[in-house]
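Working notes, beginning with the structure itself.
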Amino acid sequence: MKQLTHLRGGKKVAEYLLDVPDAIIGRGSSAQIRLDDNTLASRQHCVVRQREGTNDAHTIEDLGGANGTFVNGYKVEVHVLRPGDRVVLGDDTLRYDFATRLAVSLRPTPPPKSELEKEIFDPSATDSVEFEELDLAAMSVISDLKDLREAKKEAVASGVPDSGERTAVAAKGDIEKLLAEALQKSKPHLLMNGEDGVTIVELTKSPMTIGHRKDCDIRLTGFKLFGRLSGEFVEQMGGWCVVPESPFWAPIYQGDDKLEKIRQLTDGVTLEIGGIEFRYSKGEDF
């Protein structure tokens, strides 16, 4: 069985078990996976379908949304999903993974009988229609509350959008920037808060040097006669550490603590190096 892991800013938001034939992704009430506050997603943006003859393999199909569907940075119409594939919709990423026991089923849950009866017969319900407006024969075959609600919506508000917020249309350059940033943020990185705003610095190799020297991987502005190498970022035991090289001339601070020896980095920790703030992120949750 497979799942979609919903990530935002690299952090898990939810895990959805793909246990239905079609799982629609979007902002509308008909979507099984809802991205309600994502204005770049259409109400029915794309759909993940079970491949014929199996419940353990899937394709993703774009449904014609204004901003398209991107898998691993490429725009797709229909794509056969493989574990690890990443679907990026604005600030949201949906990763195709092997299912875990924490994944939530997308199958509709029938309501308790008493609640269903109240929805059918209580005229004071907030979204109910007059009893006589519903066809009794049709009511007798409605088996769950979800179907009843959809029937009532069609009776009183056919064709009316469920959200007043329109889908924002992003320019090609903006989409490319979002895709690039999403890829960078999926891996260990630093957010450098400099004069020109926040820059993403990928930790692409070990070690990565930081300082005022021209050959430093992360180059600090300004000039120093002494302490031109502030330190190194080193990958160790599945995580990253910072190694100070010049604690006196070019110190590295974590809060008020001046580092004098190697320090393991934890997700979200902030460092100050050369007067610039760096925040470490370990990348996407798994």
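Can you report the number of residues in the range 5-21 which are open to solvent by less than 50 Å² (accessible area, probe 1.4 Å) and of a type in the set (D, E, K, R)?
Residues that pass the stated criteria total 2.
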Take the conditions closer than 19 Å to E181 by Cα, within 17 Å of the chain's Cα centre (by Cα), modelled with pLDDT under 95 and of a type in the set (G, A, S) and apply them to G10. Does it pass? yes
Looking only at the range 270-286, count every residue that is of a type outside the set (S, T, Y), in contact (Cβ under 8 Å) with a residue 60 or more places away in the chain and part of a strand (DSSP E or B) and tell me the total. 5
Report, by residue number, each residue of the range 1-31 that is part of a strand (DSSP E or B), under 17 Å from F98 (Cα atoms) and among the acidic types (D, E). E15
Would you call I175 of a type in the set (V, I, T), at pLDDT 90 or above and open to solvent by less than 80 Å² (accessible area, probe 1.4 Å)? no
Return the total of residues in the range 182-205 being open to solvent by less than 60 Å² (accessible area, probe 1.4 Å) and either small (G, A, S) or at pLDDT 90 or above (or both). 13
In the range 46-68, is there at least one residue being in a strand (DSSP E or B), open to solvent by 30 Å² or more (accessible area, probe 1.4 Å), touching a residue at least 24 places away in the same chain (Cβ under 8 Å) and not β-branched (V, I, T)? yes
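Residue-wise test of (1) under 30 Å from E15 (Cα atoms); (2) at pLDDT 95 or above; (3) among the hydrophobic types (A, V, I, L, M, F, W, C).
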position	(1), (2), (3)
K214	no, no, no
E232	no, yes, no
G239	yes, no, no
W249	no, no, yes
G274	no, no, no
F286	yes, no, yes
Single residue of the range 32-45 satisfying the filter (outside any strand (DSSP E or B) and among the hydrophobic types (A, V, I, L, M, F, W, C)) that is farthest from T109 (Cα to Cα): L40
Got a number for residues in the range 69-78 being part of a loop (DSSP other than H, G, I, E, B) and in contact with a helix residue (DSSP H, G or I) (Cβ under 8 Å, 6 or more places away or on another chain)? 1
How many residues are open to solvent by 30 Å² or more (accessible area, probe 1.4 Å) and of a type in the set (A, V, I, L, M) when one looks only at the range 76-98? 2
I'd like the full set of residues that are in a loop (DSSP other than H, G, I, E, B), open to solvent by less than 80 Å² (accessible area, probe 1.4 Å) and not aliphatic (A, V, I, L, M), limited to the range 239-269. S246, P247, P251, G255, D267, G268
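The values are calculated or read from the model by the stated rules, or taken from the named source; none is laboratory data. As the structure is a prediction and not an experimental result, all values here were calculated from the model. Positions of Cβ are backbone-derived with ideal geometry, glycine not excepted, and every protein chain shown enters the neighbour counts. Just the protein is used for accessible areas: all its heavy atoms, side chains included, with ligands, DNA and RNA removed. Shrake-Rupley method; radii C 1.70, N 1.55, O 1.52, S 1.80 Å.
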